[in-house]
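A short write-up of the structure that comes next.
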Amino acid sequence: MSTSTPVPDHLPADLATAELDLQRAVLDAIGAVPSRRLAASLLFEGLRLLPIALRLGSALKQAGLQPTLLWPDAGAAALARREAPELQTFIKDFNQWSAGTEAGDRTDLILAISPQPSDYEDFQEICEAHAGMVVMLNGRLEDAAVGIGSVARERRRGFVASWTACYWLQPLDAGALMRIHPDDWRVFRQDPDGYRLAGTLSSRPDSEDLAELLSTDGTQGIAAQLNTVDRFLDGLRN
């Protein structure tokens, strides 16, 4: 299914462009990535994720897939069905999915929207029982306060490590971090006249990698970075 979409050398101009990049990255990765677990993340505070999730679900459906849009709780799933009646038969919550007698035999695609550490056990069980692909949108599976025992930590690390990030866009204090399948991870530094590509890495950079790549110009700070991201924030209401 990969369409070999060219990966830009710059950050998206606005949230709408970032969302289209995310959709393309997910569609490109399906069938091209060995993993059956793909993760896509737009990490902006205040982001209205519901319309983005519904549009991604529609894009998957238009591509000939049969996605089930899966929300952790019943209230969020009900709201999604109200907002997108054309997708209501594809929308379920975790309990509805798990209660299905044929759930373990399904091979269609799951689009899981924003599972959190509190959903970890249920979500892991769903993923391990599912024979098809799972795409996780804005999921957060790690929580230092959960799984204190060594066995629990190892199990959690194994599950977290099983996900392939096909899309990632995250503002940083002095730059931004981006990954669009099939390209490497890219770190952009905030310079006086805008973002500049500071480096690429084959795997997600840790805090030390980011500090080193962003240290060339540390004078911009949070305020300058936030000014540059204003165009993204303008789109959060859409």
Pair list, Cβ under 6 Å, 6 or more apart: the stretch 168-185 residue assigned to a strand (DSSP E or B), other residue of a type in the set (V, I, T) = P171/V229; L177/V187; I180/V7
Flagged pairs (Cβ under 6 angstrom, 6 or more apart or on separate chains; first in the stretch 102-126, among the charged types (D, E, K, R); second at pLDDT 95 or above) are D119/P72; D122/F94
Residues located in the stretch 66-80, provided they are crowded, with 19+ Cβ neighbours inside 10 Å and not small (G, A, S) = P67, T68, L69, L70, W71, P72
Single residue of the stretch 30-49 satisfying the filter (hydrophobic (A, V, I, L, M, F, W, C) and under 13 Å from the mean Cα position of the chain (by Cα)) that is surrounded by the most Cβ atoms within 10 Å (Cβ to Cβ) = A40
Of all the residues that make up the stretch 81-99, how many are open to solvent by less than 60 Å² (accessible area, probe 1.4 Å), among the small types (G, A, S) and part of a helix (DSSP H, G or I)?
-> 0
Filter the stretch 120-158 for residues that are at pLDDT below 90 and either open to solvent by 60 Å² or more (accessible area, probe 1.4 Å) or of a type in the set (F, W, Y) (or both) and give the result.
-> E142, A144, A145, I148, S150, V151, R153, E154, R155, R157
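The values are calculated or read from the model by the stated rules, or taken from the named source; none is laboratory data. Values in this document were obtained by computation on a predicted structure and should not be read as measured data. Neighbour counts run over all protein chains shown; Cβ positions are idealised from the backbone, glycine included. Surface accessibility is based on the protein's heavy atoms, side chains included, excluding ligands, DNA and RNA. Shrake-Rupley method; radii C 1.70, N 1.55, O 1.52, S 1.80 Å.
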